[in-house]
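The values are calculated or read from the model by the stated rules, or taken from the named source; none is laboratory data. All values derive from a computational prediction rather than experimental measurement. When we count neighbours, we look across all protein chains shown, and the Cβ atoms used for this are built from the backbone with ideal geometry, even at glycine. Accessible surface areas use protein heavy atoms only, side chains included; no ligands, DNA or RNA. Shrake-Rupley method; radii C 1.70, N 1.55, O 1.52, S 1.80 Å.
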Amino acid sequence: LRMALRGIEPEIRYNFYGDPNKYPVSYKPSKTPQVWLCAHAGYGAERQAGLDIIEEIAKEIPEIIFHIYGFEWTNSAKFIKDNIIYHGFIPEEQFDEEVKDYQAGIRLHEFDGFSEVLAKSVLLGQYPISYIKYPHIDCAKDEQELIILLRDLKNKKEPNFGARAFYLKEMEKPL
């Protein structure tokens with residue numbers, strides 16, 4: 001805002017450092033939607049990523065399966081707690097292969113740039129959900145709105161072509 005007052009207008013870019021063509025539309029509707037997010041342990045990062053929120057709301061919406069990547073509760077590669085599956089750290093190729101079959105990526109950071117979670121989810125034709133407002137991406141203002149958006153995923157019958165087209169065009173713009 002201060003910069004805009006000085007005559008400098010910010011330009012927002014939605015950047016993705018990977019190859020967008022590596023992420024073709026793979027969305028398939030599901031009556032039991034699966035969603036994914038990335039969270040890391042230490043220095044409050046798991047709280048910043050919303051892991052505490054997911055663990056709380058998962059009890060209210062057992063019809064949604066949550067996949068947490070990058071956070072390990074145990075030494076095992078995969079840990080299941082009710083409708084939450086903790087995958088831990090896995091190679092990116094395996095990660096990309098697994099998340100392509102889900103219905104949404106979730107990014108619950110309250111301040112952030114345009115994350116890889118949102119980028120990959122939208123490129124795959126999914127319906128990403130964020131706590132930050134971005135064009136063509138569902139934004140939850142609080143936990144109740146998040147629950148509503150998650151429950152609505154079972155009603156999404158087609159890939160999210162509009163959002164994908166918007167972000168593909170944005171990603172083509174030079175930085």
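Which one of I132, I106, I137, I147 is hydrophobic (A, V, I, L, M, F, W, C) and at pLDDT below 95? Show your work before the answer.
Values: I106 fails: at pLDDT below 95; I137 fails: at pLDDT below 95; I147 fails: at pLDDT below 95.
Only one candidate passes the filter, namely I132.
Just for the stretch 32-75: of the residues that are modelled with pLDDT of 85 or more, part of a loop (DSSP other than H, G, I, E, B) and of a type in the set (D, E, K, R), which one is most open to solvent (accessible area, probe 1.4 Å)?
Within the stretch 32-75, the first condition is being modelled with pLDDT of 85 or more, and the residues that meet it are 32-38, 53-69.
From what's left, part of a loop (DSSP other than H, G, I, E, B): 32-33, 58-64.
Within this subset, residues satisfying the condition of being of a type in the set (D, E, K, R) are 59-60, 63.
Working: K59: 147, E60: 91, E63: 64 Å².
By that ranking, first place goes to K59.
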(Q) Return the residues of the stretch 117-126 that are over 11 Å from C38 (Cβ atoms), surrounded by fewer than 24 Cβ atoms within 10 Å (Cβ to Cβ) and of a type outside the set (A, V, I, L, M, F, W, C); say none if nothing qualifies. (A) G125
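In this structure, does K28 turn out to be modelled with pLDDT of 80 or more and either open to solvent by less than 70 Å² (accessible area, probe 1.4 Å) or closer than 26 Å to F166 by Cα (or both)? Working first, answer last.
Numbers: modelled with pLDDT of 80 or more: yes; either open to solvent by less than 70 Å² (accessible area, probe 1.4 Å) or closer than 26 Å to F166 by Cα (or both): yes.
Criteria met by K28.
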**Q.** So P159, is it surrounded by 15 or more Cβ atoms within 10 Å (Cβ to Cβ) and free of Cβ contacts under 8 Å to residues at least 60 places away in the same chain
**A.** no
Q | Some residue of the stretch 107-116 being assigned to a helix (DSSP H, G or I) and open to solvent by less than 50 Å² (accessible area, probe 1.4 Å) | A | no
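In the stretch 127-139, how many are surrounded by fewer than 19 Cβ atoms within 10 Å (Cβ to Cβ) and touching a residue at least 24 places away in the same chain (Cβ under 8 Å)? Before you say what the answer is, go through the steps one by one.
At the first step, the residues of the stretch 127-139 found to be surrounded by fewer than 19 Cβ atoms within 10 Å (Cβ to Cβ) are 132-133, 135-136, 139.
Narrowing further to those that are touching a residue at least 24 places away in the same chain (Cβ under 8 Å): 132, 135-136.
Looking only at that region, the number is 3.
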